[in-house]
2 protein chains.
Amino acid sequence: MSKQISMAVIRRLPKYYRYLRDLLDRDIYRISSKELSEIIGFTASQIRQDLNNFGGFGQQGYGYNVEELYNEIGKILGIDKGYNTVIVGAGNLGQAIANYSGFQKSGFEIKALFEANPRLIGLKIRDLEIFDIEDIEDYIKENDIEIAVICTPKESAQDIADRLSKSGISGIWNFAPVDLNLPENLVVENVHLTESLYTLSYLLNEKNSQK
Amino acid sequence: MSKQISMAVIRRLPKYYRYLRDLLDRDIYRISSKELSEIIGFTASQIRQDLNNFGGFGQQGYGYNVEELYNEIGKILGIDKGYNTVIVGAGNLGQAIANYSGFQKSGFEIKALFEANPRLIGLKIRDLEIFDIEDIEDYIKENDIEIAVICTPKESAQDIADRLSKSGISGIWNFAPVDLNLPENLVVENVHLTESLYTLSYLLNEKNSQK
DNA sequence: TAGATTGTTAATCGATTAACAATC
DNA sequence: TAGATTGTTAATCGATTAACAATC
């Protein structure tokens with residue numbers, strides 16, 4: 001059993017991935033922890049520590065091969081797996097996510113949307129159908145859906161999450177402003193936009209009161 | 001000069017605020033750190049430490065007055081200030097944010113959208129006009145805009161941010177997948193959706209490989 | 001008053017940074 | 001080989017938790 005990686009490290013991985021992609025796009029194929037440190041803003045020491053949690057990707061005296069490191073981190077993140085995904089809640093946010101092609105590129109294949117509002121059921125977003133939320137359990141089982149994106153109002157989020165959980169989903173990307181209560185084996189990643197905005201508000205407020 | 005509050009504490013404040021709101025809605029007016037601990041999932045000790053950064057809101061032998069604490073945290077977060085806000089980039093995400101009424105409630109008043117695509121310029125989202133991005137500097141100065149929400153592609157985000165910065169904006173809520181380089185006095189809060197999704201991907205991947 | 005619970009100090013834990021031997 | 005830079009251990013720093021006197 002490998003040692004547990006801390007959440008702090010995990011959350012830095014996507015940032016490494018993004019910066020390495022940038023380097024490749026700029027035709028840079030080799031980088032030292034010191035150079036990477038200067039562009040990404042972590043200490044060189046932290047970069048070496050972080051990467052060494054997953055393997056010795058570097059070479060003494062040389063640094064890291066950007067392409068190799070990029071691919072390795074991609075594997076660690078599990079990008080390329082092609083997770084079957086549905087969006088629950090076809091309001092503004094659900095539709096925006098459905099329309100955003102970046103998620104497809106990241107290996108999340110959106111298969112359909114689900115919605116309670118009868119006005120939206122039957123419509124299409126791009127080539128994606130909006131189905132009745134009542135049919136979600138069957139759809140998940142029949143189409144091997146692994147991920148659900150919850151974009152419902154907060155009132156229905158927990159109920160939906162319970163139903164998804166019982167239908168055998170593996171992970172939830174939750175945009176509803178609640179903390180979902182779910183079994184241990186189900187992975188949840190929250191995007192709490194209001195909390196982010198309040199943080200911005202705090203920082204502005206603090207800045208203004210400092211003078 | 002008051003002691004510096006750590007980012008870890010600041011990011012917990014909106015969560016306190018949300019849970020206290022819930023308690024009020026359930027007509028609960030009094031709570032001890034121990035009881036709050038059980039519903040919010042932080043230790044009672046941490047709750048008391050966190051709150052004491054801002055003042056002695058509790059009472060020995062009694063606990064905390066929910067309404068008072070809610071209002072105090074609201075003040076600390078600066079909710080109620082009524083920040084004038086614009087959205088830059090009127091694509092899917094920009095439109096979704098413009099349509100979401102929650103932000104207005106949180107004291108961020110969206111005044112307009114700005115966009116480079118001529119097909120979108122002149123259209124309206126709800127009652128909000130979409131203006132030409134070229135006019136943003138003048139608009140910001142003339143309308144005392146303090147906050148900008150960046151929903152542009154990553155390629156234009158830094159350029160836009162520079163222009164916003166020069167026009168005298170105070171804060172940026174950045175949804176573009178880049179780390180903006182800006183003067184110290186400008187507050188930036190990032191929402192990196194792809195990073196969040198990659199984190200979910202990692203956790204799923206880890207879960208699946210554990211057995 | 002007695003019980004409850006805070007505010008706050010001290011102890012612990014974990015994450016980050018520094019240092020340096022190993023080695024390319 | 002000499003210089004550069006990693007991988008890794010040790011030191012430091014900061015955040016969380018525990019403990020308890022103060023006090024409502």
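Read-outs: derived from the displayed coordinates by stated rules, not from any lab. Predicted model only: the values in this text are computed from it and were never measured. Heads up, the Cβs are rebuilt from the backbone with ideal geometry, glycines too, and the neighbour counts pull from every protein chain shown.
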| field | Cross-link reach list, aspartates and glutamates versus A:K75, counting only Cα pairs under 13 Å and skipping chain neighbours closer than eight places | value | A:E67, B:E206
| request: Any chance you could list P(r) for chain A, counting all Cα-Cα pairs in 5 angstrom bins from zero, rounded to whole %? | output: 1, 6, 12, 15, 14, 13, 12, 11, 9, 5, 2, 0, 0
| field | Among A:N84, A:N53, A:N174, residue whose mean-square fluctuation peaks in a GNM of chain A (springs only between Cα atoms under 10 Å) | value | A:N53
| What residue of chain B sits with its beta carbon nearest the rotation axis taking B to A, and at what distance in whole Å? | B:A96, 2
| request: Determine the relative contact order of region B:44-143: mean sequence separation of Cα pairs under 8 Å and six or more apart, normalised by residue count, in whole percent. | output: 19 percent
| query | For chain A, modelled as a Gaussian network with Cα springs under 10 Å, which listed residue fluctuates most, A:E35, A:E109, A:E189? | reply | A:E35
| said: I need to check one value: relative contact order of chain A, counting alpha carbon pairs closer than 8 Å and at least 6 residues apart, in percent. | reply: 13 percent
| task | Determine the shape class of region B:83-195: with a ≥ b ≥ c the square roots of the Cα gyration tensor eigenvalues, call it rounded for a/c under 1.5, and otherwise prolate if a/b is greater than b/c, oblate otherwise. | result | rounded
| field | Copies compared at B:R21 - label distances in nm, ascending, label defined 7 Å from Cα in the Cβ direction | value | 3.2
| remark: About its Cα centre, the protein assembly as shown carries a charge dipole, from +1 on Lys and Arg Cβ atoms and -1 on Asp and Glu Cβ atoms, whose size in debye to the nearest 20 is 1080 debye
| query | How about A:K166: which lysines have a C-alpha closer than 20 Å to its C-alpha, ignoring those fewer than 8 places off in the same chain? | reply | A:K111, A:K141, A:K154, B:K207
| note | With the label point 7 Å along the Cα-to-beta-carbon line of B:S209 and a cut-off under 19 Å to each amide N, the hits in region A:73-104 are A:73-84
| query | Rounded to the nearest 500, what is chain B's calculated 222 nm mean residue ellipticity when only DSSP H runs of at least 4 contribute -39500 (n - 2.57) each, over all residues? | reply | -14000 deg cm²/dmol
| What share of the DSSP beta bridges in region A:1-121 is antiparallel, in percent to the nearest 5? | 40 percent
| Taking the Cα centre of region A:43-142 as the origin, how large is its charge dipole in debye, to the nearest 20, when only Lys and Arg (+1) and Asp and Glu (-1) carry charge on their Cβ atoms? | 380 debye
| query | From the label point of A:E67, set 7 Å along Cα to the beta carbon, how far off in nm is each other copy's matching point, shortest first? | reply | 6.7
| remark: Expressed as a whole number, the average count of other chain Cβ atoms within 10 Å around the Cβ atoms of A:6-17 is 3
| message | Which residue, A:M7, A:I76, A:Y62, has the largest displacement toward the positive end of the dipole of region A:1-118 when charges sit on each Cβ (Lys, Arg +1; Asp, Glu -1)? | response | A:M7
| message | Taking a ≥ b ≥ c as the square roots of the Cα gyration tensor eigenvalues, with a/c under 1.5 meaning rounded and otherwise prolate when a/b beats b/c, else oblate, which class fits region A:32-72? | response | rounded
| Quick one: putting +1 on the C-beta of Lys and Arg, -1 on the C-beta of Asp and Glu, what dipole do you get for chain A around its Cα centre, in Debye to the nearest 20? | 960 debye
| query | For region A:7-77, how big is the tail of P(r) above 17 Å, as a whole percent of Cα pairs? | reply | 32 percent
| query | A:P153 label points, 7 Å along Cα→Cβ, one per copy: pairwise distances from this copy to the rest in nm, shortest first? | reply | 3.7
| message | Whole angstrom only: what separates the Cα centroid of region B:153-211 from the Cα centroid of region B:19-70? | response | 32 Å
| request: Return the tail of the calculated pair distribution for the protein assembly as shown, meaning the percent of Cα-Cα pairs more than 36 Å apart. | output: 31 percent
